[in-house]
Amino acid sequence: MKKFLSTLFSLCIIAAICAAVYFNKPFVNKQINKVKGMYYVDKGDKAYRDAKLHKAIEFYNKGLKLYPEHYGAWYNLGNIYVAYEDYYSSVYAYSQAFKYNPRMMVARMNYGIISSERLGDFDSAINEYDNVINTKRHLLTIPYVYNNKVSYKENRAIAYYNKGVAYRLKSLYANDDWELQRKYLAKAIEAYKQSLEINPNSFDTQYNLGLAYHVSGNYEEAGMAYCNAIKIAPMNFEAHYNLAILLRKMGYYQAAYDEIDKAQVLITALDENSAIQQYAAIMMNDISRSLYNNENQKKLQNIIEDEKSKTGKHMAKSHKELKSKDNKDSNSITSVGINFINGKIVATEELDQAILENFGQCGAMKYFEASED
């Protein structure tokens, strides 16, 4: 009897399961498809890691057809389409990723970048950047374990920066409508400023802020932004180059020459045959002519040359005195930050620091601060 009841109970359970499957076919089929989809997505992930992008696309599409809610697969698919420069497919894939996971900020950010910088769809890009900025997250800090405050702030800073870039690019498409251009540039400037409130040490943001001010005709603010960018990244030629153009426009030819000279040195160190170096050389020649034709600057240049000559004689005298004191090793002479060995300059940490400080100085800042006052 006991065995009979046990068997009957088992049959009832099986019957119940069968009935549940029969009356919930859509749910069961969905779960089966989900399992199959995950299988193909896993194969796609493996192909993606192995850089077999064509295979990855094939497996991801099979998996997403069965299980479209897999936002990670959509995101990876978007990245692959970007690599193939299929930008329309990439933005669709990114949009599906944050459709199924609205808090996937990286998908929104990539969607915005491709929409703005590749497709010219600035409004859609700005809309997604605003979504990143306005999305509230539960901030949690567990010492030495977990901290999402930093990533949250960084995402907002990057979103503000990208928003500024989108508005600046949008201003270029305003044709001859200067008022509309100024409106978009003002929005770009505001976005850059908000980004800098979060991350004040971003070279790209400071540089692009200067560029926006420069294009809008606010030369004093542009110069200050370029100088701030130079302080952050002294060895980046772009801020030196643009600052030289700005100073030439304002008539500060000597300061312009100093900056274009630094830019030329840095560009040459990157690629001595680059087109950028040619532009810099042309700009240096133009500034040199402007400097030569300016009588006041000529007088100032003569004074500087006299001072250099005096300084050179003084250095030669000091060098001679130093050399006479060192009778033990006539082939090795050490100065502050520079080692002369067998007539050759050998770099030292002090020399590197001195070069960094030299390139990081923005002597033109005094002009912009004075104008602002």
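The values are calculated or read from the model by the stated rules, or taken from the named source; none is laboratory data. All values reported here derive from a predicted model rather than from experimental measurement. A quick note on method: Cβ atoms are made from the backbone with ideal geometry, for glycine too, and the neighbour counts reach across all protein chains shown. Just the protein is used for accessible areas: all its heavy atoms, side chains included, with ligands, DNA and RNA removed. Shrake-Rupley method; radii C 1.70, N 1.55, O 1.52, S 1.80 Å.
Across the range 179-192, rounded Karplus estimates of 3J(HN,Hα) from the backbone phi angles (6.51 cos²θ - 1.76 cosθ + 1.60, θ = phi - 60°) give 5, 5, 4, 4, 4, 5, 5, 4, 5, 5, 4, 4, 5, 4 Hz, Gly and Pro being marked x.
Length gain on complete extension for the stretch Lys36 to Leu53, per 0.36 nm per residue less the alpha carbon to alpha carbon distance?
So the extension gain works out to 4.1 nm.
Distance between the modelled labels on Ala275 and Asp176, one decimal in nanometres: 2.8 nm (7 Å Cα→Cβ projection).
Size of the range 211-282 from its Cα atoms: along the principal axes, largest to smallest, the extents are 33, 25, 20 Å.
Do any chymotrypsin sites (Phe, Trp or Tyr not before Pro) in the range 194-291 lie in a loop, going by DSSP, with at most 13 other beta-carbon atoms within 10 Å of their beta carbon, and if so which?
Working: sites: Phe203, Tyr207, Tyr213, Tyr219, Tyr226, Phe237, Tyr241, Tyr252, Tyr253, Tyr257, Tyr279; in loops: Tyr252.
For chymotrypsin sites (Phe, Trp or Tyr not before Pro) across the range 194-291 that sit outside H, G, I, E and B with at most 13 neighbouring Cβ atoms in 10 Å, the list is empty.
When Rg and Dmax are taken over the Cα atoms of the range 49-98, they come to 9.9, 26 Å. Please list, in order, the residues from the range 68-88 whose amide nitrogen is less than 18 Å from a point placed 7 Å along the Cα→Cβ vector of Val106. Output list for this probe position: 70-84. Each residue was assigned an accessible area with a 1.4 Å probe, and for Thr135 the value is about 30 Å². When restricted to Cα atoms, the range 77-214 yields an Rg and a Dmax of 15.9, 55 Å, respectively.
Where Lys and Arg each count +1 and Asp and Glu each count -1, what net charge lies around Ala56 among other residues with Cβ under 12 Å from its Cβ? Intermediate values should be presented prior to the final figure.
Details: positive: Lys43, Lys46, Arg49, Lys52, Lys55, Lys62; negative: Asp42, Asp45, Asp50, Glu58.
Summing Lys/Arg as +1 and Asp/Glu as -1 gives +2.
Per-residue extension of 0.36 nm, minus the Cα-Cα distance of Ile282 and Glu369, leaves a gain of 28.4 nm for this segment.
Here the range 91-138 yields Rg over Rh of 0.96, to two decimals, using C-alpha coordinates and the Kirkwood radius.
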